1. Dipole size in debye (nearest 20) for the chain around its Cα centre, Lys and Arg Cβ +1, Asp and Glu Cβ -1?
2. Applying the Karplus parametrisation 6.51 cos²θ - 1.76 cosθ + 1.60 with θ = phi - 60° to the phi angles of the stretch 334-340, what ³J(HN,Hα) value in whole Hz is obtained for each residue in order, glycine and proline being reported as x?
3. Starting from 0.36 nm per residue, how many nanometres of slack lie between R138 and A103 once their C-alpha separation is accounted for?
4. Nearest 500 deg cm²/dmol is fine: what mean residue ellipticity at 222 nm does the chain get from its DSSP H runs of n ≥ 4 alone, each adding -39,500 (n - 2.57), divided by its residue count?
5. Let me have the relative contact order for the stretch 225-312, percent, based on Cα pairs under 8 Å that are six or more residues apart.
6. Under a point spin-label approximation (7 Å from Cα along Cα-to-Cβ), what is the K404-M1 distance to one decimal in nm?
7. Suppose all protein chains stay in the model; what accessible area per residue would a 1.4 Å probe give for the stretch 244-399, in Å²?
8. Would you mind putting 455-468, 291-304, 385-398 in packing order, based on average other-beta-carbon counts within 10 Å, highest first?
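The values are calculated or read from the model by the stated rules, or taken from the named source; none is laboratory data. These numbers come from a predicted model, not from an experiment. When we count neighbours, we look across all protein chains shown, and the Cβ atoms used for this are built from the backbone with ideal geometry, even at glycine. We work out accessible area using only protein heavy atoms, side chains counted, and drop any ligands, DNA or RNA first. Shrake-Rupley method; radii C 1.70, N 1.55, O 1.52, S 1.80 Å.
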Amino acid sequence: MLPFSTLLPINKESAMPVYQQIANGLVGLIREGVIKPGAALPGSREMALLLQVHRKTIIAAYQELFTQDWIETIPRKGVIVSQRLPEIKPRTFKATAKIPAYAGNTGFTFNKIGAYPATAGRSGEHRLVINDGFPDHRIGPIDLLMREYRSLFHSPGIKRYATYGNMAGPVSLRNELTQFLTETRGLNIGPNNVLLTHGAQMAIYVAARLILKPGSTVLVGQPNYFMADMIFQQFGAKLVRIPLDENGMDIDVIARICKQKKPDLLYIIPHHHHPTTVTLSAERRMKLLELIRQYQLPVIEDDYDYDYHYSGSPILPLASADHDGNVIYIGSLTKTLATFIRAGYMVAPENFITEAALMRRMIDIRGDNLLDEALALLFKNGDMQRHLKKSVKLYHERRDYLCKLLQQELPDVVTFQQPAGGMAVWAQFQKKYPLPAIAARASAQGLFMSDGSAYSYGTVNHNALRMGFASLNEKELSEVVEILKKVV
């Protein structure tokens with residue numbers, strides 16, 4: 001008989017029940033080939049004596065193994081290891097058999113996503129963070145949202161929110177968004193033109209997945225939002241980078257490309273471009289709309305922070321004009337609330353939304369219906385609109401304060417244009433101040449910041465980063481600039 005008292009160590013201080021430890025230990029011995037298929041196990045009384053435990057503990061362990069088909073009971077033979085298991089050759093005997101640790105690497109090849117831009121440490125480990133342009137969750141209507149969430153959770157109709165529901169998302173929020181987008185962006189749409197997603201990033205992914213195939217050509221800005229670039233490249237698309245200046249993308253370059261061969265997709269951020277924050281001029285918008293209609297050019301218009309505009313009124317999106325059904329409009333509610341509330345949307349012709357909803361269900365079988373219903377109530381009650389009005393005023397003040405600090409404290413280090421809107425300043429550092437070194441030094445002082453690599457392509461190094469100001473109050477912005485002044 002095997003020395004089960006040695007092979008099956010028991011830790012009575014462990015949170016795992018003793019019977020489960022014994023069952024797992026026996027599974028490990030079978031997997032290691034120490035116990036072969038068809039081998040008899042000691043009876044419950046005998047095993048209880050060997051392991052110095054109660055017989056009921058062994059009965060429970062055997063029942064667990066029986067449920068998982070590791071053992072079977074044969075009349076007049078007792079308990080034996082299932083003979084249906086594949087034959088396992090015994091390995092070198094060990095005093096203690098353990099279930100092997102999960103392998104560090106797969107035994108097969110697979111597609112790799114590619115490297116994310118390097119950073120100096122992790123943002124969560126730092127006291128201060130310069131992000132890409134996130135909202136300040138401290139002022140968000142999170143308490144109001146949770147109030148609605150709790151109310152819905154305890155309502156008699158909770159069961160209907162737990163079902164799959166409409167593939168495009170709850171009609172309530174799509175109705176509210178339809179009204180909101182019509183009033184603020186001039187979109188002539190209905191709820192069937194709206195798909196709800198877990199953030200704008202998912203909307204970009206779904207739209208691109210339906211449009212692109214290996215070898216497709218995508219026009220993007222130079223520089224561009226790097227997470228969108230990664231999506232397009234993952235689908236096997238070729239990126240063609242279009243120059244930008246203070247008036248946005250160079251539409252004349254796009255026109256020349258279209259004359260040669262129509263691209264498969266244009267990805268554009270005409271309002272507060274990411275990362276540079278520039279806005280596409282009215283003249284270029286008109287030219288671009290002509291090209292879209294002339295070539296039936298598919299367009300993803302990413303308008304992630306439309307509501308945050310400080311210099312005059314926001315410019316209406318391309319999607320609000322006549323585009324012959326070629327513009328897929330994408331927006332975010334996350335930028336209004338908090339980064340941990342993942343809520344976005346896609347606006348498109350109904351036939352595209354139908355397919356996009358099917359695609360979303362494949363990767364997200366059921367969205368957070370309860371959260372979407374709660375968001376709908378925030379819009380319906382006017383809470384979201386009131387928060388937007390308050391936060392626009394506050395972020396405007398923070399933009400002005402940061403720009404003033406940069407001009408006063410780092411005039412020979414950083415160059416920038418005060419953005420007309422959004423939540424970040426595109427700050428370009430002088431070449432003699434390389435961002436990777438600055439980021440590393442800032443990290444040692446408790447400040448997390450990008451090293452700029454996300455916006456460098458090939459030999460092009462902008463030595464720049466987006467300095468998010470919305471999530472930092474004036475005291476924190478002062479500390480950030482003081483640290484930067486110190487480390488340069």
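1. Details: 55 positive and 45 negative charges, 363 e Å.
Using Cβ point charges on Lys, Arg, Asp and Glu, the chain gives about 1740 debye.
2. Working through the residues one at a time gives 4, 5, 8, 9, 6, 4, 8 Hz.
3. Working: separation 35, 0.36 × 35 = 12.60 nm, distance 4.16 nm.
Between R138 and A103, full extension yields an extra 8.4 nm.
4. Numbers: 16 runs with 193 residues, N = 488.
Calculated at 222 nm, the ellipticity per residue is -12500 deg cm²/dmol.
5. On the way: 79 pairs, mean separation 25.2, N = 88.
Reported as a whole number, the value is 29 percent.
6. Here the answer is 8.5 nm between the modelled labels.
7. Details: 6280 Å² over 156 residues.
Result: 40 Å² per residue.
8. Numbers: 455-468: 17.8, 291-304: 20.1, 385-398: 15.6.
In decreasing order of mean packing, 455-468, 291-304, 385-398 become 291-304, 455-468, 385-398.
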